[in-house]
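S.K.: Submitted below is the structure of interest, expressed as structure tokens.
Any read-out appearing in this document is the output of simple, stated calculations on the displayed coordinates, not a laboratory observation. Because the structure is predicted, anything quoted here is derived from the model rather than measured. With ideal geometry, Cβ positions are generated from the backbone for all residues, glycine too; neighbour counts draw on all protein chains shown.
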Amino acid sequence: MPDHEHLLIAAAWPYWEAEGEIARRFFAKADADDHIFYLRAQLWKELNPVDGFFNGLHRELARLVEIYPQVDKGIDRHQYHFLLEQITQEFNHYVLLADVFEHLMGRPISPDDTVRLPEERRLGDLRRAYVETGDR
């Protein structure tokens, strides 16, 4: 493996390890109510990913419909395909988590079942601020 790959893995490893530890602690103690709370927040996040690059499935889908006539005329078809796959992946996350939520609740999901946590709002603001600087 080239040196730059080792450097990237070494830089990312503490973050991956921390995410793994958070999951281990959650699953070691979580009860059904904890899972439902998490799922409600995550369902909102899957439908409304806001990271500065991706701004909600409905907005991104509408944008892709709008720019479709430009495929191979001003927009590379591979880039357009990548964007379509990105939306599909986000929606796949939502479908899976919504199915789990419905199983736990024993009823169909409703629009009121998703919730945006204040922490998610602050994280979105932080991500957008970084993106808006224009720094790669």
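S.K.: So, in Å, what gap is there between the alpha-carbon centers of segment 97-136 and segment 1-41?
M.R.: Computed from Cα coordinates, the inter-centre distance equals 17 Å.
S.K.: Running a GNM on the chain with Cα contacts under 10 Å, which residue among Ala12, Ala28, Ala98 ends up with the highest mean-square fluctuation?
M.R.: Per the Cα network of the chain with a 10 Å cutoff, Ala12 tops the list.
S.K.: Most mobile of Glu85, Glu19, Glu66 per a Gaussian network model of the chain (Cα springs, under 10 Å)?
M.R.: Of Glu85, Glu19, Glu66, the most mobile in the Gaussian network model is Glu19.
S.K.: Using only alpha carbons, build the gyration tensor for segment 1-103 and give me the equivalent ellipsoid semi-axes, biggest first, whole Å.
M.R.: Equivalent ellipsoid semi-axes, largest first: 31, 24, 10 Å.
S.K.: Given a Förster radius of 25 Å and the C-beta distance between Glu132 and Val95 as r, what FRET efficiency does 1/(1 + (r/R0)^6) yield to the nearest 0.05?
M.R.: 0.20
S.K.: So which chymotrypsin sites (Phe, Trp or Tyr not before Pro) in segment 1-76 end up in coil per DSSP with only 13 or fewer other C-beta atoms within 10 Å?
M.R.: Those that pass, being in a loop and sparsely packed, are Phe53.
S.K.: Give me the one-decimal nm value for the distance between modelled label points at Leu61 and Arg116, 7 Å along each residue's Cα-to-Cβ direction.
M.R.: Each label point lies 7 Å from its Cα, and together they span 1.8 nm.
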